[in-house]
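Report on the structure given below.
The values are calculated or read from the model by the stated rules, or taken from the named source; none is laboratory data. These numbers come from a predicted model, not from an experiment. For neighbour counting, all protein chains shown are included, and Cβ atoms are generated from backbone atoms with ideal geometry for every residue, glycine included. When the accessible area is computed, the model is the full protein with side chains, heavy atoms only, and any ligands, DNA or RNA have been set aside. Shrake-Rupley method; radii C 1.70, N 1.55, O 1.52, S 1.80 Å.
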Amino acid sequence: MTIVIFVLVLWYGSLFFQSFFLHRYAAHQVFTMSKTMERITFILTWVFQGSSYLSAYGYGIMHRMHHAYTDTDMDPHSPSHDPNLFAMMWRTKTIYQDINKQRIVIEQRFTKNVPQWRGFDMFASSRFSRVLWITLYIIFFAYFTTSLWQWLLLPITFLMAPIHGVIINWFGHIYGYANYKMKNTSKNLFRFDFLMMGEGYHNNHHKHASRANFGVKWYEIDITYLIIKLLNTFGFIRLKTVTVKE
Ligand SMILES: [Zn+2]
Ligand SMILES: [Zn+2]
């Protein structure tokens, strides 16, 4: 039971920081926050993503490219251009590293205002940090597993961020329903997104990329957005007001 709770905490913790910080803040900037809050969020993202930490800089730029080039051969990840899920994951990883290590020239519209904490990102993305987290997960499992099957959950803890990425970037461009007719393959994966905390409303999000709330219909409850609203009410962040044209 302890192991299942541990994996769930890592799943939702790392997903929250991916959705809240990397996606809605770094890439789309739907809210603002102070420099101190930003640094605290960098550290919490490292704590929850652990061995699969993603930098806001690499994620932010790559994700903006996904919106600009969706389903074309310039899309950093697309089921329309990659033969299978693993090929897509590999290509995504290569492009992400090229951006982070500044091996490719990137247009200014993709880099504009993307938050970066260079020193911390280097540490959090280092082999030392990744191996440290993996060791900690193994020790935790060794201590708390009560039956053998629970060890099957261990690889998930190593790869939280790419697993979350692939659910949306692969399945969210193949399966589900569409509220909006788009020139791309984006779909809403669930009518109520309990699994991906609102990220699953991917068709809605492609239509209104600068909207903080990814839900449109009454049943499309966006859990990350509810937390964002709460953080805004308590003054930790400041939501931007955007007028939405249907
Ligand atoms: Zn997409
Ligand atoms: Zn987006």
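Just one of (1) in contact (Cβ under 8 Å) with a residue 40 or more places away in the chain; (2) under 23 Å from residue 63 (Cβ atoms); (3) not hydroxyl-bearing (Ser, Thr, Tyr) fails for residue 167. It is (1). Number of residues in region 190-246 that are hydrophobic (A, V, I, L, M, F, W, C), within 15 Å of residue 23 (Cβ to Cβ) and part of a loop (DSSP other than H, G, I, E, B) equals 6.
Looking at residue 78 and the list (1) surrounded by fewer than 19 Cβ atoms within 10 Å (Cβ to Cβ); (2) among the hydroxyl-bearing types (Ser, Thr, Tyr); (3) under 18 Å from the mean Cα position of the chain (by Cα), which single condition is not satisfied? All conditions are met except number (1).
Hey, among the residues in region 81-113 that are assigned to a loop (DSSP other than H, G, I, E, B) and in contact (Cβ under 8 Å) with a residue 40 or more places away in the chain, which one's surrounded by the most Cβ atoms within 10 Å (Cβ to Cβ)? Among those that are assigned to a loop (DSSP other than H, G, I, E, B) and in contact (Cβ under 8 Å) with a residue 40 or more places away in the chain, it is 106. Pairs are defined by a Cβ separation below 9 Å, a sequence spacing of at least 6 or placement on different chains, a first member in region 203-219 that is within 20 Å of residue 175 (Cα to Cα) and more than 11 Å from ligand 1 (Cβ to nearest atom), and a second member that is open to solvent by 20 Å² or more (accessible area, probe 1.4 Å) and not in a loop (DSSP other than H, G, I, E, B); the pairs so defined are 214/225; 215/225; 216/207. Once region 1-45 is narrowed to residues that are open to solvent by less than 10 Å² (accessible area, probe 1.4 Å) and polar (S, T, N, Q), the residue that is nearest to ligand 1 (Cβ to nearest atom) is 19. Pick from region 48-79 the residues that are aliphatic (A, V, I, L, M) and touching a residue at least 24 places away in the same chain (Cβ under 8 Å): which of them is farthest from ligand 1 (Cβ to nearest atom)? Among those that are aliphatic (A, V, I, L, M) and touching a residue at least 24 places away in the same chain (Cβ under 8 Å), it is 56. Only residues that are outside any helix (DSSP H, G or I) and either open to solvent by 60 Å² or more (accessible area, probe 1.4 Å) or within 16 Å of ligand 2 (Cβ to nearest atom) (or both) were counted in region 144-174, giving 4. Listed by first and then second residue, the pairs linking a residue in region 8-22 that is over 11 Å from residue 56 (Cα atoms) to a residue that is modelled with pLDDT of 95 or more and open to solvent by 30 Å² or more (accessible area, probe 1.4 Å), with Cβ atoms under 6 Å apart and 6 or more places separating them unless they lie on different chains, are 13/48; 14/48.
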